[in-house]
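Presented below is the structure to which this report refers.
Rule-based calculations on the coordinates, nothing more; no lab input. Quick caveat, the model's predicted, so the values are computed rather than measured. Note that we place each Cβ from the backbone using ideal geometry, even for glycine, and neighbour counts take in every protein chain shown.
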Amino acid sequence: MKYDFDEVINRKNTNSFKWDSAKDKKDIVPMWVADMDFKAADPILRALESKLQHGVFGYAHLPDAYYEAEINWWRKRHDFQIAKEWIAFSPGVIPALAAIIQAFTSQGDKVLIQAPVYNSFYTTIANNRREIVENELINTGDSYEIDFEDFETKASDNAVKLFILCNPHNPVGRVWRKDELERLSAICQKHGVLVVADEIHRDLVFEGQPYVPFASIDAINSITCTSPSKTFNIAGLKMANIITANKEYKDKFKKDLLMRGVHEPNTFGVEALIAAYNKGEEWLDQLLVYLKANRDYFLSYIQEKLPRLKVITPHSTYLMWVDCRNLGIGSEELSHRLFEEAGLRINEGSTYGKAGDGFIRINIGCSRAILTEGLNRLENVVKTID
Ligand SMILES: Cc1ncc(COP(=O)(O)O)c(C=O)c1O
């Protein structure tokens, strides 16, 4: 079956956070929050339809088929064997991160992250009253590298108890190499820092460096967060699986989730996860071809028409990290102008940490027609900036 990712689906007035949270702007092109404009894969739609037709939506439990789907996905897509006992459900990765921060750190402890990085890392750590410590990534012009010396200095602080790794990395699109992960792992082990690997973007990898699960380096001293939400564009169904081979960690995590009153999963989410991991590969393989073409189109458009902007070529995700520092205006002002003058909504770089100042993040998980419209709007505003 050939999926049509060119189809433009009207998402306005569907209570979409991405499309409907700026109601005052009618003619908006939203290229910000990380969900895609594509319809879910047919097997997912069929599974949800069947549940809907059944018509009874009581509390769900996780059947064996759920665990098998998760385990098989790891094996067939990522060549890694996990066990049922390693899996703990969570209604999303962010709730899991919050629970992990609470369960494994105390007030006054510090959490290490690699800036610029996903904004909710900052808010989740701050909301749980822990101190943020940044290991700034090194911008090499067309990519980012890890400053290992700085990482070790920060990790050696006794108050640093947790390191949240983003692999692949949002927003810079890096897929970390095995040797890089091994080095991070060795430093964390040496200094008694627990590694939490947020691998929500693991399935959206284009070429070059393949994704290496952190658990394949060290499944005992780590906790990995995964979800079909980004991969299959089902973030609203609120399903994630938290993976660790360390029984003590798993029990501690589950206990904390329970303490917050989080237990049964979403009835529709269970069906969607099983269908996605068992039957969603065809859709995903076609999606990756489409996203890569969108990425390449974006890169050539910027190179030809807006050479003052520099794009970091992402090897993963549908999020473009654009260096706007040559424009001579801050990214906050640029974001404001893009929205006010052109109705183009993007993410402002400094929300990913100070290291993101001067950058914007643009979501290209949309039809080519919307992408082109967004790029035209970007061009029209940037052209007016001397
Ligand atoms: C790295 C990363 N982690 C977590 C999330 C959100 O996870 P969830 O919706 O499962 O809480 C996102 C969403 O953009 C993300 O990019």
- prompt: How big is Rg to Rh over the range 18-134, alpha-carbon atoms, Rh as the Kirkwood inverse-mean-distance radius?
  reply: 1.04
query: Direction-averaged shadow area of the convex hull around the Cα atoms of the range 301-386, nm²?
result: 5.3 nm²
- line: At 4 °C and 1.567 mPa s, the Stokes-Einstein diffusion coefficient in µm²/s for the range 85-192, with hydrodynamic radius from the Kirkwood sum on alpha carbon pairs, is 89 µm²/s
message: Can you tell me what share of the DSSP beta bridges in the range 106-221 is antiparallel? A percent to the nearest 5 is fine.
response: 15 percent
- line: Dividing the mean separation of Cα pairs under 8 Å (6+ apart) by the residue count of the range 58-279 yields a relative contact order in percent of 28 percent
field: Antiparallel content of DSSP bridges confined to the chain, in %, to 5
entry: 55 percent
- request: Determine the relative contact order of the range 129-229: mean sequence separation of Cα pairs under 8 Å and six or more apart, normalised by residue count, in whole percent.
  value: 25 percent
message: Can you tell me the length gained on complete extension of the stretch Ser16 to Tyr297, counting 0.36 nm per residue apart and subtracting the Cα distance?
response: 98.5 nm
- line: Sorted largest first, the Cα spans of the range 210-268 on the principal axes come out in Å as 34, 33, 13
- request: With the Cα gyration tensor of the range 237-285 in hand, give its eigenvalues times 5 under a square root as the equivalent ellipsoid semi-axes, listed largest first in whole angstrom.
  value: 26, 15, 7
- request: Please work out the Cα center distance from the range 330-370 to the range 210-267, rounded to the nearest Å.
  value: 30 Å
- prompt: Rounded to the nearest 5, what % of the DSSP beta bridges within the range 58-279 are antiparallel ones?
  reply: 35 percent
- prompt: Once all Cα-Cα distances of the range 344-386 are split into 5 Å bins that start at 0, what whole-number percent is in each one?
  reply: 6, 21, 21, 22, 19, 10, 1
task: Starting from the exponent 0.38 and prefactor 2.2 Å, build the expected Rg for the range 39-85 from its residue count and divide its actual Cα Rg by it.
output: 1.44
field: Residue-averaged 222 nm ellipticity for the chain, from DSSP H runs of 4+ at -39500 (n - 2.57), nearest 500
entry: -12500 deg cm²/dmol
task: Compute the FRET efficiency between Asn158 and Asn72 as 1/(1 + (r/R0)^6), taking r as their Cβ-Cβ distance and R0 = 41 Å, and round to the nearest 0.05.
output: 0.50
statement: Taking Rh as the Kirkwood radius computed over alpha-carbon pairs of the chain and applying Stokes-Einstein at 4 °C with viscosity 1.567 mPa s, one gets a diffusion coefficient in µm² s⁻¹ of 60 µm²/s
message: Suppose a student asked you for the relative contact order of the chain, using Cα pairs under 8 Å spaced at least 6 residues apart; what percent would you report?
response: 24 percent
statement: Given the candidates His61, Ile101, Phe206, the one whose Cα lies deepest towards the positive end of the charge dipole of the range 58-279, counting +1 at each Lys or Arg C-beta and -1 at each Asp or Glu C-beta, is His61
- line: Given a Förster distance of 22 Å, the FRET efficiency implied by the Cβ-Cβ spacing of Lys247 and Asp79, rounded to the nearest 0.05, works out to 0.35
message: Starting from the Kirkwood Rh over alpha-carbon pairs, what translational D in µm² s⁻¹ does the range 133-224 have by Stokes-Einstein at 25 °C and 0.890 mPa s?
response: 182 µm²/s
- prompt: Roughly how many nanometres apart are two label points built 7 Å out from the Cα toward the Cβ at Asp27 and Asn326?
  reply: 2.9 nm
- request: Within the range 1-67, report the chymotrypsin sites (Phe, Trp or Tyr not before Pro) that DSSP leaves as loop and that have at most 15 other Cβ atoms within 10 Å.
  value: Phe57, Tyr59
task: Would you compute, for the Cα atoms of the range 166-316, the largest minus smallest coordinate along each principal axis and list the three values in descending order, in whole Å?
output: 54, 42, 25
message: If the elastic network links every pair of Cα atoms under 10 Å, which of Val133, Val117, Val195 fluctuates the most in the Gaussian network model of the chain?
response: Val133
statement: Projected area averaged over all directions for the convex hull of the alpha carbon atoms of the range 58-279, nm², comes out at 11.6 nm²
Net charge dipole size for the chain [Lys, Arg +1 and Asp, Glu -1 on Cβ; Debye, nearest 20]: 660 debye
- request: Describe numerically, in nm with one decimal, the distance between label points set 7 Å from Cα along Cα→Cβ at Leu45 and at Ala186.
  value: 5.0 nm
- line: In a Gaussian network model of the chain with springs linking alpha carbons closer than 10 Å, the residue among Glu131, Glu248, Glu199 that fluctuates most is Glu248
- prompt: So which aspartates and glutamates pass the test for Lys154, namely a Cα distance under 16 Å, with those fewer than 8 places away in the same chain ruled out?
  reply: Asp109, Glu131, Glu134, Glu136
query: When the chain is modelled as a GNM with alpha-carbon springs shorter than 10 Å, which of Gly108, Gly356, Gly365 fluctuates the most?
result: Gly108
